[in-house]
Amino acid sequence: MVAVTSVAAGSANPPEVVTSRASRRRLRPWRGLILAVAALYFVGPVLAAFWFSIHNSHTGIDFHAYTGFFSAQGFGTAFRMSLLLGLATVLITLILMVPTMLLVHLRYPRARAWVETFSLLPLVIPPVALVVGVRDIISFTGEDRFLGTPVATVMNFLQGNQPWLLSLLYVVMALPFTYRALDAGLRGSSVTTLVEAARNLGASWPVVVWRVVLPTLRTSVLNAGLLAFALVLGEYTMAKILNFSPFPVWLARFGDTDGQLQVGLSLLSLALTWVLLLTIAGVAGRAPGTARFPFRRRTS
Amino acid sequence: MTAEPAVATIEGTRVEYLDVTRVFGATRALDGFTLQIEPGELLALLGPSGCGKTTALRLLAGFDQLSSGQLLIDGRDVSRQPVNKRDMGMVFQSYSLFPTMSARDNVGFGLRLRGASTSDRRRRAGELLELVGLSAHTEKYPHQMSGGQQQRVALARALAIQPRVLLLDEPLSALDAKVRTQLRDEIRRIQLELGVTTVFVTHDQEEALSMADRVGVMRAGQLEQCDAPSVLYQRPATPFVAEFVGTMNHLPGVVRDGSTVQVGDQSVPADGQVPLSGTAVSVLARPEAVLVEASVEGDAVVQVATFFGAVTRLRMLRSDGVELLADVSSHRAGELAPGTRVAVSLVDRPVLVRTPSS
Ligand SMILES: Nc1ncnc2c1ncn2[C@@H]1O[C@H](COP(=O)(O)OP(=O)(O)OP(=O)(O)O)[C@@H](O)[C@H]1O
Ligand SMILES: [Mg+2]
């Protein structure tokens, strides 16, 4: 039945089919060209960097830039700090943003414009201004009247010079990206009806979020997490000004002694981000019934 | 040996809306809405778009709060009860299955929340999917099912929690005509089998009349009339109901005295509220209450004849420009072909009248 219909439809409008096929053929060389230019723009510098990291005019080609970092002094500490900061940032972001955005989406749709504007502020305020402001606030010695109040406890915690402070900043820095990723997911799915259906069947709010919202928004939640994580792996300014030494800061300092190692490590961290991205694409693509990454579109 | 029912019957619940009002800004979505729903009955809420049907249903489900009035379930005020404690099974207009769960897990979702064991859940979900005719599709995900199948799963999911009331908000409106009638009959069969009190919202009168024990016709946030389909059709309480349910002719007439109206050269008894004598009114008559005779002296001409099986519906134009519809038995259709001049009169039964302004 279906086959018959489609054959009939096809024979009814053959000119249209031919036209679209012809125009597609005309487009093809352009597509190739654009792709080539874009590839050159993105891949060229990476290849150049790779060449630089392995080639030495005196000793020829060697891969010490990709093997030597394990033994490089301070690498382990710095890298672990970056990974932990990344995880903390992702967790805080999701714990903060998913319920907030759900609330805005379901209950206060009129507040959306405000939240969106607010989420863009980190793009407008230079990170340096932000971090200097934060530094001034945490160095605020406080007054005695705060003693014994929660304010003093929080200030004490922040002034403890823990690297965790950074992840709070990174949550803010990542806001423009995480907001967008989550918002796209919320708009693209029928979350409102799904939440109502789950509530109607007896689910409490935590169950709704855990069993219905997160699985449904899986792709955009993973995207948001990945963007936040990638930002942490590459952020230099804030960490430097606040005198912490995660991976990017360590890398910049280390480069003074060995340029090749520095470039090699940069490439490795780029590769790490890519591996994460592809893993997430794979995971999201396998989840039944969820939106897939564009390049994993299923044909069945 | 008698076959055990697939799913335990659900004890019917009584629902009462008492003078319920729900205001959204300047809109009175419900405005003094009063309705009693009897245990185990299927009540259809019928009315034009925006009359408050969905609002009435959402209040009962607990998605929304009343502005004033009372909502009683089995005599208990539920206005403070949160959605997830109400045990109302709802089927939504738009597809609402959880996309990351199979049909079986969707149906089992409510049972899982109620602490049913895995094996219990699987068994009950299997029974319910069988009840809605989907035993072959238990492992399918929503995106692998047709719209009709998805709504069946949604129905099974709502029934799984043994709801006190089953709520259906235009569950069939996204489906094509054939699936719609099929599923409509199936919902009714299941509802009768389980005896669950059911509220069915629709703006399709055929759907309402064919399925429901009683139909509540709503207009602008109020209940106009709530009666069995046949009563609604034959004895509509108001002109609005008369026009909304079924097809109506509007014939110009004049009130003669308190109980009769003059229509053309015929005098017929009037029903309901009748204005003062001498008032010009519209007389409402069903197509089957219009009598048609072929006659060269008649003042109407048949324009179109539409065959409906046992009856044929004639569209006629009177010389004064009034259009009329009449249903005649199909074996007479030959003598009343389009172009035939006919004489038209009304069956001698009480008619409803409305003044042009009402
Ligand atoms: N959340 C809301 N905010 C503001 N107005 C609302 C809201 N929900 C409903 N209304 C208004 O209340 C009135 C009744 O709406 P309701 O959805 O109950 O109508 P309905 O009878 O279900 O119509 P339909 O057949 O189109 O679904 C409408 O005028 C609608 O605009
Ligand atoms: Mg509605």
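So here's what we get for this one:
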item: Mean Cα-pair separation over length for chain B, i.e. relative contact order, pairs under 8 Å, 6 or more apart, %; result: 16
item: Between 0 and 90°, nearest 10: helix B:177-194 axis offset from chain B longest Cα axis; result: 60
item: Residue-averaged [θ]222 nm for chain B, counting only DSSP H segments that reach four residues, each worth -39500 (n - 2.57); result: -7000 deg cm²/dmol
item: Where labels lie 7 Å past Cα in the beta-carbon direction, separation of B:ARG315 and B:GLN262 in nm; result: 3.2
item: C-alpha long axis of helix B:118-131 to longest principal axis of chain B, angle in °; result: 20
item: Theoretical FRET efficiency, 1/(1+(r/R0)^6), r = Cβ-Cβ of B:SER135 and A:LEU47, R0 60 Å, to 0.05; result: 0.55
item: Fluctuation leader among B:SER67, B:SER277, B:SER319 - chain B, Gaussian network, Cα springs under 10 angstrom; result: B:SER319
item: Alpha-carbon centroid distance for the pair segment B:158-197 / segment B:312-356, whole angstrom; result: 38
item: Cα centroid separation, segment B:9-64 to segment A:39-84 (Å); result: 68
item: For A:LEU147, A:LEU201, order by how many other beta-carbon atoms lie within 10 Å, fewest first; result: A:LEU147, A:LEU201
item: Loop-located GluC sites (Glu not before Pro) in segment B:96-145 whose Cβ has at most 11 other Cβ within 10 Å (DSSP); result: B:GLU139
item: Nearest-20 debye value, the protein assembly as shown charge dipole, Cβ charges on Lys, Arg, Asp, Glu; result: 2400
item: Whole-number percent relative contact order across segment B:150-217, with pairs defined as alpha carbons under 8 Å at least 6 apart; result: 35
item: Gap separating the Cα centres of segment A:87-102 and segment A:183-259, nearest whole Å; result: 7
item: Cα-based Rg / Dmax (Å) for segment B:17-93; result: 12.1, 36
item: Cβ-based exposure ranking for B:SER119, A:SER204, in which fewest neighbours within 10 Å come first; result: B:SER119, A:SER204
item: B:SER117, A:SER266, B:SER330, B:SER102 arranged by Cβ crowding within 10 Å, fewest neighbours leading; result: B:SER117, B:SER330, A:SER266, B:SER102
item: Cut-off 14 Å between beta-carbons: net charge of the residues surrounding A:LEU102, Lys and Arg +1, Asp and Glu -1; result: +3
item: Contact order normalised by residue count of segment A:67-284, Cα under 8 Å, 6+ apart, percent; result: 33
item: Pairwise FRET efficiency - A:ASP256 versus B:VAL23, Cβ, R0 = 60 Å, nearest 0.05; result: 0.30
item: Net charge over other residues, Cβ less than 15 angstrom from the Cβ of B:ALA343 (K, R count +1; D, E count -1); result: -3
item: Rg in Å to one decimal, and Dmax rounded to a whole Å, for the protein assembly as shown via C-alpha atoms; result: 35.4, 120
item: Positive-pole candidate from A:VAL134, A:VAL104, A:GLN260, dipole of segment A:67-284, charges at beta carbon; result: A:VAL104
item: Nearest-0.05 FRET efficiency for B:SER210 and B:GLU38, computed from C-beta distance (R0 22 Å); result: 0.70
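Quick note: the coordinates plus some simple rules give every number you see, no bench work behind them. A quick note: this is a predicted structure, and the numbers were derived from the prediction, not measured. For neighbour counting, all protein chains shown are included, and Cβ atoms are generated from backbone atoms with ideal geometry for every residue, glycine included.
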